[in-house]
Amino acid sequence: MALYHFSEDPAIDRFTPHVPRTNPDHPPAVWAIDADHAPLYWFPRDCPRVTAWPKPGDKQYFDDVFATTAPRLHAIEWAWLAAMTTTTIYRYRFDPARFRPWPEANGQWISDAAVEPVAGADQLSAARIRASSPGISDPAGW
């Protein structure tokens, strides 16, 4: 299993537990996401977005409802298009042994201790994200 953290910062050497601003009652933690849910974080940090993909066995229903054959759909506010196409997102990989599942959300994992990534950050460009997500339209074609 792979666990990741996505950031606009290319030089994080150590992740320190913190209280998330969106969940101020949660104890400090380092947050990670599994590979299946990683596409939720392929966006600039504050970019409002919605992402959808079918549950196993529901692909035909998904295709019919959304009029698509894409494996998943991503949508952002129009005002964020420029940031989405120019912001570089970096993916950090973690040793999953340092984390436990966060029971409040599928695919999210937490650690109470500081964690160092197992390798340097991988750069995810808008073009690379589009290439791995057929459901993302090319902004030049909009």
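The values are calculated or read from the model by the stated rules, or taken from the named source; none is laboratory data. Note that the structure is a prediction, hence the values are computed from the model and not measured. For neighbour counting, all protein chains shown are included, and Cβ atoms are generated from backbone atoms with ideal geometry for every residue, glycine included.
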(request) Determine whether Asp36 is under 17 Å from the mean Cα position of the chain (by Cα), of a type in the set (D, E, K, R) and surrounded by 11 or more Cβ atoms within 10 Å (Cβ to Cβ). (result) yes
(request) Tell me which residues, restricted to the stretch 65-87, are touching a residue at least 24 places away in the same chain (Cβ under 8 Å), outside any helix (DSSP H, G or I) and among the aliphatic types (A, V, I, L, M). (result) Ala70, Leu73, Ala75, Ile76
(message) So the check is Cβ under 6 Å with 6+ separation or different chains; which pairs have a first residue in the stretch 33-53 that's in a strand (DSSP E or B) and a second one that's buried (at least 16 other Cβ atoms within 10 Å of the Cβ) and among the β-branched types (Val, Ile, Thr)?
(response) Arg49/Ile76
(request) Just name the residue that is modelled with the lowest pLDDT out of those in the stretch 112-129 that are assigned to a loop (DSSP other than H, G, I, E, B) and of a type in the set (A, V, I, L, M). (result) Ala119
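May I ask you to verify whether Phe62 is outside any loop (DSSP other than H, G, I, E, B) and in contact with a Phe, Trp or Tyr (Cβ under 9 Å, 6 or more places away or on another chain)? Lay out the reasoning, then the answer.
Values: outside any loop (DSSP other than H, G, I, E, B): yes; in contact with a Phe, Trp or Tyr (Cβ under 9 Å, 6 or more places away or on another chain): yes.
Yes.
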(request) Quickly run through the stretch 102-112 and pick out the residues that are over 19 Å from Pro39 (Cβ atoms) and not aliphatic (A, V, I, L, M). (result) Pro103, Glu104, Ser111, Asp112
(message) Looking only at residues that are touching a residue at least 24 places away in the same chain (Cβ under 8 Å) and in a loop (DSSP other than H, G, I, E, B) in the stretch 96-111, which one is surrounded by the fewest Cβ atoms within 10 Å (Cβ to Cβ)?
(response) Asn106
(request) Could you tell me whether any residue of the stretch 21-30 is surrounded by 15 or more Cβ atoms within 10 Å (Cβ to Cβ), over 16 Å from the mean Cα position of the chain (by Cα) and not basic (Lys, Arg)? (result) yes
